[in-house]
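Reading through the structure tokens given below for one structure.
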Amino acid sequence: MLSFSFFSCRILLGLLLVNVFVIIYWKLLICFPAVPSVTSWGAPIVWEGAFNPEEDYRLHHGRGTVVGLSVFAIGKYLPRYLLPFLLSADRHFMPGLPCVVYVVTDRPSAVPALRLRPGLTLTVLRAPSRKRWQDISMMRMKDLQDLVFPLAKDQVDYMFCMDVDQIFTSRYGAETLGDLVAQLHSGFYLNGRDSYPFEQDPRSAAFLPHEKSHYYYHAATFGGTVPHLVNLTSSCLRGILEDRDRHLEALWHDESHLNRYLALERLPSKILSPEYCWDGRLWLKYHKLRWAKKDYENTRSQ
């Protein structure tokens, strides 16, 4: 009886270990399903382990590269999200490189006064007030052109435009820099191209047939040099205003227009993996920037 019990325990332990290995293997597949490191047009896709962070840092440090970061903190988003965003950026965004953070807000006096690391400066810019959250999202393309880029063109070499309801969690460094940088949307990363939520109304300026696309990009993070970002935001704004004249609104607002631009007008020169804008749905060993807890019911209400 003792022998049978011992033998049974060994079998159960073996089955348990097999299940553990299966789960780990499955998670690795979910995280890296045949991970591409380069696109069909030659743009690198940045994953942890696919680059040497010190090499990228030394290159840009030697060049004296200055990096900009714009963030919109409008309405209820300011008290809820801005402080943790800035504190995490101070710790993790482009460590060792000089940076300028442009905070675009409708309440400049409410921006917290912070003592930031040497080389990181904060510039606060006043944005017009808008009632609908959709308009706040879409018209940031105009605010970037009117408020941020006129300063940034003389102050920075590269810049990122980001949503405020995110938190940096580890080094977000010089490996991300490029002429035109797009962010893979972690919420749709595992989906097939036919299920990407591109705008499918042919009347909209954001219309994008699935067969013309490569990836689905997240508008919460995009970047590049200022001239490339001027071209991107100009195209998106033009499409948004054309749709408004036709009494239309793209399914995912400015993100729909951004995806059209990056598929049909200018392919990204660099793409960031879901590690660089993580929504928690994918299992990832590393993440550089994650979504903060969303509270749309309150933050998007008047």
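For 278, 283, 252, write out the residues from largest to smallest accessible area, computed with a 1.4 angstrom probe and no ligands counted.
252, 283, 278
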Item to complete: Using a Förster distance of 51 angstrom, determine the FRET efficiency expected from the C-beta separation of residue 264 and residue 113, and round it to 0.05.
Response: 0.70
Practice prompt. Could you pull the Cα extents of region 57-167 along its three principal axes, largest to smallest, in whole Å?
Written response: 45, 25, 21
Practice prompt. Please tell me the relative contact order of region 158-302 in percent, rounded to the nearest whole number, where contacts are Cα pairs under 8 Å and at least six residues apart.
Written response: 37
Fill in: Relative contact order, percent, region 130-226 [alpha-carbon distance under 8 Å, six or more residues apart]
40
Discussion item. Based on alpha-carbon atoms only, what is the radius of gyration of region 151-269 relative to the globular estimate 2.2 N^0.38 Å?
Written reply: 1.08
Discussion item. Can you give me the Kirkwood hydrodynamic radius for region 206-262, using every pair of distinct Cα atoms, in Å to one decimal?
Written reply: 11.8
Worksheet entry | Square roots of 5 times each gyration tensor eigenvalue, C-alpha, region 165-217, largest first, Å | 27, 14, 11
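The values are calculated or read from the model by the stated rules, or taken from the named source; none is laboratory data. On a predicted model such as this, the values are computed, not experimentally measured, just so you know. Ideal geometry is used to build each Cβ from the backbone, glycine not excepted, and the neighbour counts take in all protein chains shown. With ligands, DNA and RNA removed, areas are computed over all heavy atoms of the protein, side chains included. Shrake-Rupley method; radii C 1.70, N 1.55, O 1.52, S 1.80 Å.
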